[in-house]
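Read the structure below first, then the notes.
The values are calculated or read from the model by the stated rules, or taken from the named source; none is laboratory data. Worth saying up front: this structure is predicted, and the values here are computed from it rather than measured. SASA here: full protein model, heavy atoms, side chains in, ligands and nucleic acids out. Shrake-Rupley method; radii C 1.70, N 1.55, O 1.52, S 1.80 Å.
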Amino acid sequence: MSIGEICNRETVFTTKDSSIIQAAQLMREQHVGDLVVVEEKAGRRIPVGILTDRDLVIEILAKNVDMNAVTVGDVMSSELLTARESDGLYETLQRMRAKGVRRVPVVDAGGALAGIVSADDLLDRRLGDIQRQSKEVCVGLTDVNKARGDKEIDELSQLETRMRSLEQHM
């Protein structure tokens, strides 16, 4: 599965020259914790940075900076990690962990903004895959148990029951 298949295509974006107040209002209106900062090039939106709610708190509010005196470009993280639509989930998650980021803009083959993906999106997807695989194993073990009547398989079947119970509590 590729990042392009699971990323959020409704990406909220802004430009470097937007005011911090405009950016904060846009985050509030759209109920998001980040804005992808883009530059328009030949009618395409190319990601050049990202502004997070944490950036606003750490760089503006905590330092008592005059919000009217700075722009998004002054505060945004410009060392931007992006993922291509064709990148794999695991590969992208590893790159995010290595860089210590939780959100990554997704770009198309031409480098234009195509979406955004978060670490939580990737972990939720991976957890779902693991749950499906464990169910398949448990069902297979139950079938083998019925066919063989083996004591060890009875114990594994009991383990399956416990796993289902744990799964319900997740």
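Here is the tail figure for region 19-121: Cα pairs spaced more than 15 Å apart come to 64 percent of all pairs. Annotation: LYS63 carries an accessible surface of approximately 120 Å², with a 1.4 Å probe and no ligand, DNA or RNA atoms counted.
Determine the share of region 1-113's accessible area contributed by carbon and sulfur atoms, expressed in whole percent, with a 1.4 angstrom probe. Carbon with sulfur: 46 percent of the solvent-accessible area.
For ARG84, which sequence-distant residues (separation of 5 or more, or a different chain) have an amide H within less than 5 Å of its own amide H, given hydrogens modelled in the peptide plane? Under 5 Å from the amide H of ARG84 lie the amide H atoms of VAL107, each far enough along the sequence or on another chain.
For region 1-77, the Kirkwood hydrodynamic radius from C-alpha pairs, put into Stokes-Einstein at 10 °C and a viscosity of 1.306 mPa s, yields a diffusion coefficient of 121 µm² per second. Working from Cα pairs under 8 Å separated by at least six residues, relative contact order for region 48-107 is 35 percent. In region 1-88, Cα pairs under 8 Å separated by at least six residues give a relative contact order of 39 percent. Taking all Cα pairs closer than 8 Å and separated by 6 or more residues, the relative contact order of region 74-127 comes to 31 percent. Between ASP17 and TYR90, the contour length at 0.36 nm per residue exceeds the alpha carbon distance by 22.8 nm. The slack between MET67 and ILE6, meaning 0.36 nm per residue of separation minus the straight C-alpha distance, is 18.4 nm. Gain on full extension, evaluated as 0.36 nm per residue between SER77 and VAL57 minus their Cα-Cα distance, stands at 5.8 nm.
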